[in-house]
Structure formats: structure tokens, C-alpha cells
Amino acid sequence: MQKLNTRQRTLAAAIDFSGYGVHSGQPVNLTISPAAADSGFLICRTLENGTTTVPVQVHFSRVSRTTLCTTLDLGDSVSVATIEHVTSALSGMGVDNALITIDGSECPILDGSARPFAEAILAAGLEIQPAHRKFLKIMRAVTVRNNDAFAALEPYNGRSLDLEIDFDSKVIGRQRMIFDWTPRRYYDDVSRARTFGFARDAKILRQAGYALGSSLDNSITVHEDRILNPGGLRYEDEFVRHKLLDAIGDLSLGGLPIWGRFRSYKGGHALNAHVLTGLFSSEANYEIVSADDLSLEFQAFDEQPEGLTVNHYLRSVR
């Protein structure tokens, strides 16, 4: 009999968020709803005239900009920015199918991390769906580079990320994190890591139309050799953990969870998008496989955050 932990999952109920865009500074409302099996992550936008665009897949082929965030083109001159924290929470918490509905041009930044999204998923619970889980199994290594920075996807019997950052800053410096994914580890070790920036860049960014909604409530701010946020850091190496959080969100734009290893040095949204483009440039680089065809036991899916309810088959969404 098929193990339930190899079945797809969606939300047990819709979850709602309200806030401001970190770059636009504009108010926005966002809802994540259950979605049918095999639909992946879908997104639609409610426009000012009250109409809602047709849902489209959250996919790397729709990435239109990667400056400071990941922006998707939904078609007909409609876009949504800063999608990566939402998709990071969904992917990190083990959600396969969901519909994102938003009424603005940028997802709410909330506290600058994925934790509010992850907590809402935890509260709503998940529903197991009849369909088998599918993965993008990396068959051949793909690497993209920009000077000394790189991002790579490699064959690996599991789901692993190995990220390293290197900033000319005494506060940040060089940090590395190796992360073997489970929903519990994502919730505990990654989801609380906040976005960050430098006080010296604030004026230039705002003049360019970025960081208009940034504050100490939603961003770690580094000034010379100190952190301006009154509460300090949530993790000693919060900076690399946030980069890992972003990578999980960006890589989910491949359409299916990746079975393999992701490595990155001085990476970011642009390299994350380019490595997916490189992966799909040849069918020899990957295979789409069922969870049943993977040799590793799926204990990882059983390691859930404390309090997450996972119900059997969804009845309202097919």
C-alpha cells in the first residue's frame, strides 16, 4: 500500500495576510488557498477594477526581474514581486499544491522572513491528496557563474542545500550553511531568518524605487560594524540562513521539488533563476520521478514541525 508520506499535500484551509511591500511600500492583501493535485503553485492577481487574472503557474520561465527580489510576469503587463518568501514557506513546509491570490504588485514583507507564512500553514494544517508526489531528479550537474559567484544543481540522493556568502563586512563576513531538508528543520532553522541590507545603501535604493517599505521591523540593517535592530539577530548566522530561505523559494519555481543538491557561493536571485534555466536546457539534466521510484526512505516527510496537523485525503479540492 502506498505510504501517505509519498502523497501530495495542500493546505487544509485558506490563509490570509495583510501588510506592505518592502520595495513598493504599498499596502497589499494575500491569500493562499488549497489547490488541486498536480497543479503546483499557482498565482493570480486581483486588479483595481475588481477583476482577477487567470491563475498561472509560479514558474521560472515567468521571472522578469531579479534585482533585490524575484518578480514574476503574469501576462498582460501584470506582475508580482518578492514572491520568494511565500514560495519558500510553501516548499519548505512540504506543500505541493496551492493557489496564491494577491491584490497588489508585491507580496507583503511582514517581518522580513518566511516565519509568518510558515506559522499560518502550521495553524491551518495540511491535507494529503491521492496523487503521488513527483520530483525533479537531478541527473547531470549544471553550474552557472558570474565572476567568482556560482550556483549549481548536482545529483544527490536527497534534498540538500550548501550555501556560502562572503561580504566585506565585519558583521557578516563569510558564512556557510549545509541544510538537509525536512519540514521541521525548515521551520526551526530557516524560516525565521530575515532579509537584510546596509544603512549606507538606503538612500540610493530609495532613489531607485526600492526599499520604500523597509524598516527595522522587517529588515536587518547593518551600519558599519553593528546591527541597528534593537533585538539583534535571531540566529548567529542569520544572513546565510536568509539566503538559503530565498534559494528554497526561488528553486521551487522549477515547478516540482528538487531531488538533488544545490550549491551556491555569493549567489542570489539571478543565479538561482539562471541555474533553473540551465537545468531545463537539456532533458538529459533531469528526470521527473515519482516518490515511489526514489531509493531513499521518506522519513524526511514525517519530520513535521510540532503542532502541524496532516489530515488524510482532501475532499473539497480534487
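Please count how many residues of region 10-62 are open to solvent by less than 60 Å² (accessible area, probe 1.4 Å) and not in a strand (DSSP E or B). Lay out the reasoning, then the answer.
Our first condition is that a residue be open to solvent by less than 60 Å² (accessible area, probe 1.4 Å); within region 10-62, this holds for 10-15, 17, 19, 21-25, 28, 30-37, 39-47, 50, 53, 56, 58-60.
Narrowing further to those that are not in a strand (DSSP E or B): 12-14, 21-25, 35-37, 39-40, 47, 50, 53, 58-60.
Number satisfying all stated conditions: 19.
From Glu106, Glu119, grab the single residue that is surrounded by fewer than 24 Cβ atoms within 10 Å (Cβ to Cβ), closer than 23 Å to Ser191 by Cα, over 14 Å from the mean Cα position of the chain (by Cα) and not aromatic (Phe, Trp, Tyr).
Glu119
Which of the residues that make up region 222-257 are aliphatic (A, V, I, L, M), within 18 Å of Phe280 (Cα to Cα) and open to solvent by 20 Å² or more (accessible area, probe 1.4 Å)? It would help to see each step written out before you state the result.
Pass one, region 222-257, residues aliphatic (A, V, I, L, M): 222, 227-228, 233, 240, 244-245, 247-248, 251, 253, 256.
When the remaining residues are screened for being within 18 Å of Phe280 (Cα to Cα), the result is 247-248, 251, 253, 256.
Within region 222-257, just Leu256 meets the criteria.
Considering only region 182-213, how many residues are assigned to a loop (DSSP other than H, G, I, E, B) and out of contact with any strand residue (DSSP E or B) (no Cβ under 8 Å at 6 or more places or on another chain)? Full working, then the answer.
Taking region 182-213 as the starting set, the residues that turn out to be assigned to a loop (DSSP other than H, G, I, E, B) are 182, 190-195, 208-213.
Within this subset, residues satisfying the condition of being out of contact with any strand residue (DSSP E or B) (no Cβ under 8 Å at 6 or more places or on another chain) are 182, 191-193, 208-210, 212.
Final tally of qualifying residues: 8.
Working carefully through the options Arg176, Arg140, find the one that is in a loop (DSSP other than H, G, I, E, B), farther than 30 Å from Gly21 by Cβ and open to solvent by 80 Å² or more (accessible area, probe 1.4 Å).
Working: Arg176 fails: in a loop (DSSP other than H, G, I, E, B).
Just one listed residue meets the conditions, Arg140.
State whether the residues of region 262-275 include one that is crowded, with 16+ Cβ neighbours inside 10 Å, of a type in the set (D, E, K, R) and either assigned to a strand (DSSP E or B) or touching a strand residue (DSSP E or B) at 6+ places or on another chain (Cβ under 8 Å) (or both).
As a first pass, look at region 262-275 and keep what is crowded, with 16+ Cβ neighbours inside 10 Å: 262-275.
Of the ones still in play, those that are also of a type in the set (D, E, K, R) are 263, 266.
The next check asks that each one be either assigned to a strand (DSSP E or B) or touching a strand residue (DSSP E or B) at 6+ places or on another chain (Cβ under 8 Å) (or both); those that pass are 263, 266.
Yes, region 262-275 contains at least one residue that is crowded, with 16+ Cβ neighbours inside 10 Å, of a type in the set (D, E, K, R) and either assigned to a strand (DSSP E or B) or touching a strand residue (DSSP E or B) at 6+ places or on another chain (Cβ under 8 Å) (or both).
Suppose we filter Leu4, Leu74, Leu30 for residues that are on the phi < 0 side of the Ramachandran plot and modelled with pLDDT under 95; which single one remains?
Working: Leu74 fails: modelled with pLDDT under 95; Leu30 fails: modelled with pLDDT under 95.
The conditions single out Leu4.
Given (1) modelled with pLDDT under 95; (2) surrounded by 22 or more Cβ atoms within 10 Å (Cβ to Cβ); (3) not polar (S, T, N, Q), where does His132 come up short, assuming only one miss?
(2) is the only condition that His132 fails.
Of the conditions (1) within 25 Å of Asp148 (Cβ to Cβ); (2) under 19 Å from the mean Cα position of the chain (by Cα), Pro257 clears all except one; give me its number.
Among (1) within 25 Å of Asp148 (Cβ to Cβ); (2) under 19 Å from the mean Cα position of the chain (by Cα), Pro257 violates only (1).
Taking region 98-127 as the search range and keeping residues that are out of contact with any strand residue (DSSP E or B) (no Cβ under 8 Å at 6 or more places or on another chain) and part of a helix (DSSP H, G or I), which one is nearest to Gly40 (Cα to Cα)?
At the first step, the residues of region 98-127 found to be out of contact with any strand residue (DSSP E or B) (no Cβ under 8 Å at 6 or more places or on another chain) are 111, 113-115, 118-119, 122.
Filter again for part of a helix (DSSP H, G or I), leaving 115, 118-119, 122.
Working: Arg115: 21, Ala118: 17, Glu119: 20, Leu122: 19 Å.
Selected residue: Ala118.
Being assigned to a loop (DSSP other than H, G, I, E, B) and in contact with a helix residue (DSSP H, G or I) (Cβ under 7 Å, 6 or more places away or on another chain) is the filter here; which residues of region 143-173 pass it?
Residues of region 143-173 that are assigned to a loop (DSSP other than H, G, I, E, B), as a first pass: 147-148, 155-158, 167-173.
Residue satisfying the conditions is Ile172 alone.
So for region 206-221 (the condition being touching a His at 6+ places or on another chain (Cβ under 7 Å), without any contact (Cβ under 8 Å) to a residue 60 or more places away in the chain, open to solvent by 20 Å² or more (accessible area, probe 1.4 Å) and not β-branched (Val, Ile, Thr)), does at least one residue qualify?
No, region 206-221 has no match at all.
Quick one: how many residues across region 143-173 are farther than 30 Å from Arg200 by Cα, surrounded by fewer than 16 Cβ atoms within 10 Å (Cβ to Cβ) and modelled with pLDDT under 95?
Going through region 143-173 one residue at a time, the tally reaches 2.
The values are calculated or read from the model by the stated rules, or taken from the named source; none is laboratory data. All figures in this text were calculated on a predicted structure; none of them were measured in a lab. Heads up, the Cβs are rebuilt from the backbone with ideal geometry, glycines too, and the neighbour counts pull from every protein chain shown. Please note that ligands, DNA and RNA were not included when accessible areas were found on the heavy atoms of the full protein model with its side chains. Shrake-Rupley method; radii C 1.70, N 1.55, O 1.52, S 1.80 Å.
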